[in-house]
Structures are given as C-alpha cells and as structure tokens.
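What follows is a short report on a single structure.
The values are calculated or read from the model by the stated rules, or taken from the named source; none is laboratory data. Computed from a predicted model, the values in this text were never measured in an experiment. Cβ atoms come from the backbone with ideal geometry, glycine included; neighbour counts cover every protein chain shown.
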Amino acid sequence: MSDSAAVSNLVSFIQARQTILDNVAPLGCEQVGLLDAVGRVLAKDMAAPWDMPLWDNSAMDGYAVRSADCLHLPGVLKVTGSIPAGAVADGITVEAGCAVRIMTGAPTPVGCDAVVPVEETDDGQTVVTLLQPVKKGQHIRVRGEDVACGALFVGAGTMIRPPEVNILANFGKALVTVYRRPVVAILSTGDELVELGTSPVAGQIINSNALSLAAAVTECGCIPRIIGIARDNRESHLEKLQEGLQADVLITSAGVSAGDRDLVRDVLEQLGAQQLFWKVAVKPGGPTAFARYDSTLVFSLPGNPVSTMITFEEFVRPALLKMLGQRRVVRPLFKAVLRDGVKKKPGKLQIIRVRLEKEDGLWYATSSGNQQTAILKTMVDAQALVVIPAECGAVAAGSEVDVHWYGNYCDLEGAAE
Ligand code: AMP
Ligand code: MG
C-alpha cells in the first residue's frame, strides 16, 4: 500500500478528538464538604442568600465622622464613643461636631458618612484633630457593594479554587454540589509484564504504564483503579475487560496494534462494545482505538510508554476534564520558534517532545532529544509538546509552530523566564 493510501484509512487527529468529545458529557453531581470540592467543578449556580457586606462598615481603623463637620482644617471633633470589630452600632450616633472611634470592619453608626483613618489624625482619645481633607463616603464599605442579595456569585462550571472557597464560606456554604469524579479502570495487557516490586528476568518488563496512567488520571482529578494485567489469551482478556467495563472509563494499554496477540479490540467487540474509531493519523499514538459500552468510554492506547502518555494527554485527558464538568478541556496552543528542523511527510499530525525557553519576548522550542517512541527519557525531559499539523511536510529550523505545555510546568525552572 502506498503511504497516502495507508493514511487515507486513518481517522484524522482532529476528527478523533471531536468524536471523543461528542461522546462525553459531564457526569452526575454530588454534594461534598467545601474543602473536598477544591479542584472540582461547581454544578449549580450559586445566588447570594444575603448582601455582602451585610452592613455598611469601616474600611479603616479611625474615626466615624460627618463629612460636613470636616470642611475646615485642622478640624477638631469631640470623641463620643468607640465601635470595635464584632460590635454592633445600635444606639450609637455621630452627632454634629463629634466623632466615634471605629475599627476596620465594624458597622458604621447613624450619622456617619465618612471614616477618617487614624493616620490622618492626632489619634486623640477625647478630642481628635483631623489633619487631611475628608471626602463624603470615604473609607466606607457599602452594604451589598461586593455581592448584592440574590446575585450570582459563582456560576455552574466554575472550578473551585481558594477564592471560590472563601466566597462560598462567606455565604455559609459548608456543602457544595460538584460534578462526580469519574472512576477510571486501568488495564495493562501482555505476557511480558510483571508488577513493580518483582525483578524482571529476560524478556520481562515492569508494568510501568499502569502506574503512569494512574498518576495522569489522578492529576486530572479523577479516581484511578488499577485492575491488573490481561495476559495474551482470550480468556484473560474477557475476564479483565469485563471487569474494566464496570467503571466510568476504561483505559487499556498495549495489544491494540495489528499483531496476532493484539486482542483488545476483538474481545471488546465480543463483549458488545461499539468501536467508534481505530487508528489515528498521529505520530506517536497511531494504533489508538476508542469505543463505548453503555455509558462506559473505552480508550485503547498503544503500549509503548511514550505513546501511552501522549495519547492519554491528547485524547483521554480532554474527555476526563469534560466529564468533570470543566469548560476548557484542551490545553491552549501558543506559538514557538523551532530550534531544530523536523523531517516529516504530509499525512499524519506529529507531536514532538520539547523544552521551551523565552528570549526577547519569543518562545523557542528545542527538541528534548531522540524522538523515537521507544525513548522514554526524552518524555521525562519534555516540558511541552509541539504539534505539527497533518498537512505539513518538513519544517525548517526557525519556523513558527504550535506548542502546548505538558503537565504543570509554568513554575519550573526555565519554563517561564
Ligand atoms: P504491544 O502493543 O503489546 O506490542 O506493546 C508495545 C510496546 O509497549 C512493547 O515494547 C511493550 O513491551 C510495551 N508495553 C506494553 N505494555 C506495557 C506496560 N504496561 N508498561 C510498560 N511498557 C509496556
Ligand atoms: Mg502486547
């Protein structure tokens, strides 16, 4: 078969991702404690049950005054009371020619239309002298100015971060409704695999994919369930795949190419899963398959660890984020200048492991090393992934390309200088 004929049988990267996202919806909701909601997505609009702040209050430690008494400097006022934080101002009035000492956050008393910070006075206890001009309304936080009663203060679809925790707590919300976290079954396949903790003998390799997939699932905010290894025979595949299909999502690694012992797709079909695509025009990650079984999504990823991680990043992660109710599920692309040229024929989208650095306001992408899929260390060294569209041929050094971060690298050395 010619190259172009081979490529024409494949689903494009863009179409593959679209098919996945079209088949995913946010899961149901659950109520959780406020701190258990951190990093998760709110499933209900939240309207303010009361005004915030609930009363007019002082923004400074100082004196509650009538601004009309303060037109001439230095103004001298009689101090007639004091309102500490936590007190109420009931029964306290600022009379003409008088001032009331007040603490930050304390309710402003009747008659007060301005607060004078203590720094702008002589700090007098019985009589106070004002040293600076006073404007009506200054340093008073007005009832409801932050959020008015009934107003939306956090919308459904918002990720809960410390600021959301703060405002939810302010409105007394000890429990919040968030989208459920998908349970993701992780199944490895292959007779060569042994578990971490066993010493591999010749021909054996450690089942590292299960662990890095579990790490990636956790990083997305979902719940990984490693269900072990399906050996290269039908019975073992039947048993293990059946177990995995109980989860919200099943991810398998390896056994999805066209080899005699690549049984994953066959056995999934036997179990009644509906395959939505197999083989994508992408490098690495070509043999990826995607299927549905009732409401369970099944991602069959290639076994080569680099391919497994990259296909998780590009195909599985967006699906998991959408299930969690997140709105932005694909990492944003930005431009970088390629330091090294890339050999490529038109036909497949190519993903390149790179490091990034900023120079004179431009991002530069340097290959993290050998890009063969069997080379794991260059994945370890990669901060970001360059995405070369399928239709592109060779890309010369110095060309501008699309890139996205891989993992949370923004804080790492060299990443954002
Ligand atoms: P396969 O798709 O079964 O041909 O596997 C492709 C490559 O991935 C082989 O080199 C496997 O040894 C390797 N591989 C498969 N499964 C795993 C796994 N769970 N952990 C690490 N490497 C794996
Ligand atoms: Mg295998």
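Hey, does region 291-312 have a residue that's more than 16 Å from ligand 2 (Cβ to nearest atom), within 25 Å of Ile375 (Cα to Cα), among the aromatic types (Phe, Trp, Tyr) and part of a helix (DSSP H, G or I)? If you could, list the steps in order and put the result at the bottom.
Our first condition is that a residue be more than 16 Å from ligand 2 (Cβ to nearest atom); within region 291-312, this holds for 291-299, 309-310, 312.
Cutting the leftovers down to within 25 Å of Ile375 (Cα to Cα) gives us 299, 309-310, 312.
Next cut, among the aromatic types (Phe, Trp, Tyr) only: 299, 312.
After this cut, where a residue has to be part of a helix (DSSP H, G or I) as well, the list is 312.
The answer is yes, given that some residue of region 291-312 is more than 16 Å from ligand 2 (Cβ to nearest atom), within 25 Å of Ile375 (Cα to Cα), among the aromatic types (Phe, Trp, Tyr) and part of a helix (DSSP H, G or I).
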* Asked: Of the residues that make up region 43-59, is at least one among the aromatic types (Phe, Trp, Tyr), within 15 Å of Val128 (Cβ to Cβ) and at pLDDT 95 or above?
  -> no
* **Pairs with Cβ under 8 Å, 6+ apart, first in region 67-80 and assigned by TED's automatic domain parsing to the domain that holds Gly137 and touching a residue at least 24 places away in the same chain (Cβ under 8 Å), second surrounded by fewer than 11 Cβ atoms within 10 Å (Cβ to Cβ) and among the β-branched types (Val, Ile, Thr)** => Lys78/Thr126; Val79/Thr126
* Quick one: what pairs do we get from region 30-45, first residue farther than 19 Å from Arg328 by Cβ and hydrophobic (A, V, I, L, M, F, W, C), second part of a loop (DSSP other than H, G, I, E, B) and at pLDDT 95 or above, C-beta under 8 Å, 6+ apart or different chains? -> Val32/Arg40; Leu34/Lys173; Leu34/Ala174
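Take Ile206 and decide whether it is touching a residue at least 12 places away in the same chain (Cβ under 8 Å), more than 16 Å from ligand 2 (Cβ to nearest atom) and not charged (D, E, K, R).
Working: touching a residue at least 12 places away in the same chain (Cβ under 8 Å): yes; more than 16 Å from ligand 2 (Cβ to nearest atom): no; not charged (D, E, K, R): yes.
Judged against the criteria, Ile206 is not a match.
Among the listed residues Lys322, Lys348, Lys344, Lys279, identify the single one that is at pLDDT 95 or above, surrounded by 14 or more Cβ atoms within 10 Å (Cβ to Cβ) and at positive phi. Please lay out each step first, then the result.
On the way: Lys322 fails: at positive phi; Lys348 fails: at positive phi; Lys344 fails: at positive phi.
Among Lys322, Lys348, Lys344, Lys279, only Lys279 is at pLDDT 95 or above, surrounded by 14 or more Cβ atoms within 10 Å (Cβ to Cβ) and at positive phi.
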* Quick one: Thr288 ticks every box in (1) polar (S, T, N, Q); (2) away from ligand 1 (no atom under 16 Å from the Cβ); (3) surrounded by 24 or more Cβ atoms within 10 Å (Cβ to Cβ) except a single one, so which number is it? => (2)
* To do: All but one of (1) among the small types (Gly, Ala, Ser); (2) crowded, with 18+ Cβ neighbours inside 10 Å; (3) within 16 Å of ligand 2 (Cβ to nearest atom) hold for Ala185, so report the exception by its number.
  => (3)
* To do: Could you tell me which residue of region 236-260 is surrounded by the fewest Cβ atoms within 10 Å (Cβ to Cβ), considering only residues that are over 28 Å from Gln350 (Cβ atoms) and within 16 Å of ligand 2 (Cβ to nearest atom)?
  => Asp260
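Does Ala64 satisfy being free of Cβ contacts under 8 Å to residues at least 60 places away in the same chain and assigned to a loop (DSSP other than H, G, I, E, B)? I'd like the intermediate steps shown before the answer.
Numbers: free of Cβ contacts under 8 Å to residues at least 60 places away in the same chain: yes; assigned to a loop (DSSP other than H, G, I, E, B): no.
So Ala64 fails the test.
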* Pairs where the first residue, in region 108-134, is more than 11 Å from Gly75 (Cβ to Cβ) and the second is part of a loop (DSSP other than H, G, I, E, B) and of a type in the set (Phe, Trp, Tyr), C-beta under 9 Å, 6+ apart -> Thr108/Trp55
* **Considering residues of region 202-228 that are within 11 Å of ligand 1 (Cβ to nearest atom) and not hydrophobic (A, V, I, L, M, F, W, C) only, the residue farthest from Leu321 (Cα to Cα)** => Gly203
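Considering each residue of region 23-59, count those that are acidic (Asp, Glu) and exposed (fewer than 15 other Cβ atoms within 10 Å of the Cβ), and give that number. Quick ask: steps written out before the conclusion?
Within region 23-59, the first condition is being acidic (Asp, Glu), and the residues that meet it are 30, 36, 45, 51, 56.
Subsequent filtering for residues that are exposed (fewer than 15 other Cβ atoms within 10 Å of the Cβ) retains 36, 45.
Final tally of qualifying residues: 2.
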* Asked: Residues of region 126-154 being at pLDDT 95 or above and of a type in the set (S, T, N, Q), which ones?
  -> Thr126, Thr129, Gln138
* Within region 131-146, is even one residue part of a strand (DSSP E or B) and more than 30 Å from Gly33 (Cα to Cα)? -> yes
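Those residues that are among the small types (Gly, Ala, Ser) and more than 10 Å from ligand 1 (Cβ to nearest atom), I need them from region 187-201; list them, please. Walk me through how you get there before you give the answer.
Step one: filter region 187-201 for residues among the small types (Gly, Ala, Ser), giving 188, 190, 197, 199.
Across region 187-201, the qualifying residues are Gly197, Ser199.
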* Select from region 60-92 the residues that are in contact with a Pro (Cβ under 9 Å, 6 or more places away or on another chain) and buried (at least 16 other Cβ atoms within 10 Å of the Cβ) and list them in ascending order. => Met60, Asp61, Gly62, Tyr63, Ala64, Cys70, Gly81, Ile83, Ala89, Ile92
* Does Glu164 count as of a type in the set (Asp, Glu), more than 28 Å from Gln274 (Cβ to Cβ), outside any loop (DSSP other than H, G, I, E, B) and away from ligand 1 (no atom under 12 Å from the Cβ)? -> yes
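Quick one: how many residues across region 246-260 are of a type outside the set (Asp, Glu) and either away from ligand 1 (no atom under 15 Å from the Cβ) or without any contact (Cβ under 8 Å) to a residue 40 or more places away in the chain (or both)? Don't jump to the end; show me each part of the working.
Step one: list which residues in region 246-260 are of a type outside the set (Asp, Glu), which gives 246-247, 249-259.
From the residues that got through so far, the ones that are either away from ligand 1 (no atom under 15 Å from the Cβ) or without any contact (Cβ under 8 Å) to a residue 40 or more places away in the chain (or both) too are 246-247, 249, 258-259.
Summing the residues that are of a type outside the set (Asp, Glu) and either away from ligand 1 (no atom under 15 Å from the Cβ) or without any contact (Cβ under 8 Å) to a residue 40 or more places away in the chain (or both) in region 246-260 gives 5.
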